[in-house]
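Participant: Got a structure for you, questions after.
Nothing in this text is a laboratory measurement; each read-out follows from the coordinates by a stated rule. Just so we're clear, the structure is a prediction, and the values are computed from it rather than from any experiment. Cβ: placed from backbone, ideal geometry, glycine included. Neighbour counts: every protein chain shown.
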Amino acid sequence: MKSREIKDLKNKPVGEMEKLLKESQEKLRTLRFDLAAGKVKDVAAIRSLRKDIARMITFVKLENELAAKNTKK
């Protein structure tokens, strides 16, 4: 993921980011099955997708923490 894509990801609403996260997780699951079946040659794509998923999870958690902090005040 390029730095521009990361900035775009930060600016997305939480709902849209969660939807994108679920889609990415499903794609990762499919890639893992295809890897086991010998259909995937690009193993780096799996690693890259895992990192992207981790970034999305981090952004969602941060947004939820900020929202919780703002409602407590």
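Participant: Kindly write out, for segment 41-50 in residue order, the coupling ³J(HN,Hα) from the Karplus curve 6.51 cos²θ - 1.76 cosθ + 1.60 (θ = phi - 60°), rounded to whole Hz, with x marking Gly and Pro.
Facilitator: 9, 8, 6, 5, 5, 5, 4, 4, 5, 4
Participant: Among 9-17, 55-63, how do they line up by average Cβ neighbours within 10 Å per residue, starting with the highest?
Facilitator: Per-residue Cβ counts within 10 Å, averaged per peptide and sorted highest first, yield 55-63, 9-17.
Participant: Another question, if that's okay. Under a 5 Å amide H to amide H cut-off, with H placed in plane at 1.01 Å, what residues pair with residue 40 once short-range neighbours are removed?
Facilitator: Under 5 Å from the amide H of residue 40 lie the amide H atoms of 35, each far enough along the sequence or on another chain.
Participant: Could you point to the residue in 20, 36, 48 farthest towards the positive end of the chain's charge dipole, with +1 and -1 charges on the Cβ of Lys/Arg and Asp/Glu respectively?
Facilitator: The one lying farthest along the dipole's positive direction is 48.
Participant: Nearest 20 debye, what's the magnitude of the dipole of the chain about its Cα centre given +1 on Lys and Arg Cβ and -1 on Asp and Glu Cβ?
Facilitator: The dipole magnitude comes to about 220 debye.
Participant: Which length gain, in nm to one decimal place, applies between residue 45 and residue 61 when the Cα-Cα distance is subtracted from 0.36 nm times their residue separation?
Facilitator: Full-extension gain reported as 3.3 nm.
Participant: Jot down the per residue volume, in cubic angstrom and as a whole number, of the convex hull over the alpha-carbon atoms of the chain.
Facilitator: 82 Å³
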